[in-house]
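Participant: Below is one structure. I have some questions about it.
The values are calculated or read from the model by the stated rules, or taken from the named source; none is laboratory data. These figures come from a predicted structure and were not determined experimentally. Note: ideal-geometry Cβ built from the backbone for every residue, glycine included; neighbour counts use all protein chains shown. Surface areas here come from the heavy atoms of the whole protein model, side chains and all, with no ligands, DNA or RNA. Shrake-Rupley method; radii C 1.70, N 1.55, O 1.52, S 1.80 Å.
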Amino acid sequence: MSGISLSDKEVVYDGNAYSINIAGELPEGVATPTYTINGNKVSSVIDAGEYNIVATFANDNPNYEAIPKMEAKLTILPAEYVLPELDIVFKNKDGKILEGNGKVYDTSSVLWDISDHSGLSSKVTLSYTVSDEEGNILSKSNNSETIKNVGVYKVKVAFSLSNNKNYKPL
């Protein structure tokens, strides 16, 4: 069977389904091939990874010999996860956002947090590190925290994707 091919394909993950299909015109009596991955019929795949696609042909025409299987590799590469712009906000114990760069010490706590998580995927985990002005780490947490003592503090927010092969690590 000449003029028929099955070629490797490489794409970047975007949530869409991808497949590899034969190129060329099948002779009369040869049905559209069945595509399999590891022996399981598939029409497309979505997740990042390497997939060895096998095209198997059925031939109803006794004038043709059995058609050999064709193989190709479909590679879906992990995508870059683009973090939305986020702000850290500082609030007093009553939940009022503190304006400016600081707060006068008055024995009440200051709570800090990311202002709006709605732009983040549920697969993104936040972790926070609070340091003093000398760089000494005072706490590490997956939750916002309160700061009570006088001082200058640095709040570092780290983002990670939990068990997601579709995106490159952050």
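Participant: Compute the accessible area per residue over the range 1-75, keeping the other protein chains in place, probe 1.4 Å, unit Å². Kindly include the intermediate steps, with their values, before the conclusion.
Facilitator: Numbers: 4850 Å² over 75 residues.
With all protein chains present, the range 1-75 gives 65 Å² per residue.
Participant: Which value does Rg/Rh take for the range 1-51 over its C-alpha atoms, Rh per Kirkwood? Let's see the in-between values first.
Facilitator: Numbers: Rg = 12.8 Å, Rh = 12.7 Å.
Reported Rg/Rh, Kirkwood definition of Rh: 1.01.
Participant: Right, another one. Considering only DSSP states other than H, G, I, E and B, which chymotrypsin sites (Phe, Trp or Tyr not before Pro) in the range 1-87 qualify as loop sites with at most 14 other Cβ atoms within 10 Å? Please report the intermediate quantities before stating the final value.
Facilitator: Details: sites: Tyr13, Tyr18, Tyr35, Tyr51, Phe57, Tyr64, Tyr81; in loops: Tyr13, Phe57, Tyr64, Tyr81.
Counting only loop positions with at most 14 other Cβ atoms within 10 Å, the chymotrypsin sites (Phe, Trp or Tyr not before Pro) in the range 1-87 are Tyr64.
Participant: May I pose another question? For a quick check: with amide H placed at 1.01 Å from N, whose amide H comes under 5 Å from Lys9's, ignoring anything fewer than 5 positions away on the same chain?
Facilitator: When sequence neighbours closer than 5 places are left aside, the close amide H contacts are Lys73, Leu74, Thr75.
Participant: What does the charge count near Asn136 come to, summing +1 for each Lys or Arg and -1 for each Asp or Glu among other residues with Cβ under 15 Å from its Cβ? Mind dumping the intermediate values first?
Facilitator: On the way: positive: Lys140, Lys154, Lys156; negative: Asp132, Glu133, Glu134.
That sum, taken over residues with Cβ under 15 Å, equals 0.
Participant: Filter the cross-link list Lys9/Lys69; Lys9/Lys168; Lys9/Lys41; Lys69/Lys165 down to pairs whose alpha-carbon distance in this structure exceeds 26 Å.
Facilitator: Numbers: Lys9/Lys69 18 Å; Lys9/Lys168 20 Å; Lys9/Lys41 18 Å; Lys69/Lys165 30 Å.
Beyond 26 Å: Lys69/Lys165.
Participant: Could you look at the range 1-86 and say what percent of its accessible area is carbon and sulfur, using a 1.4 Å probe and all protein chains? Provide the component values of the computation, followed by the final result.
Facilitator: Details: 2490 of 5580 Å².
With neighbouring chains kept in place, the figure for the range 1-86 is 45 percent.
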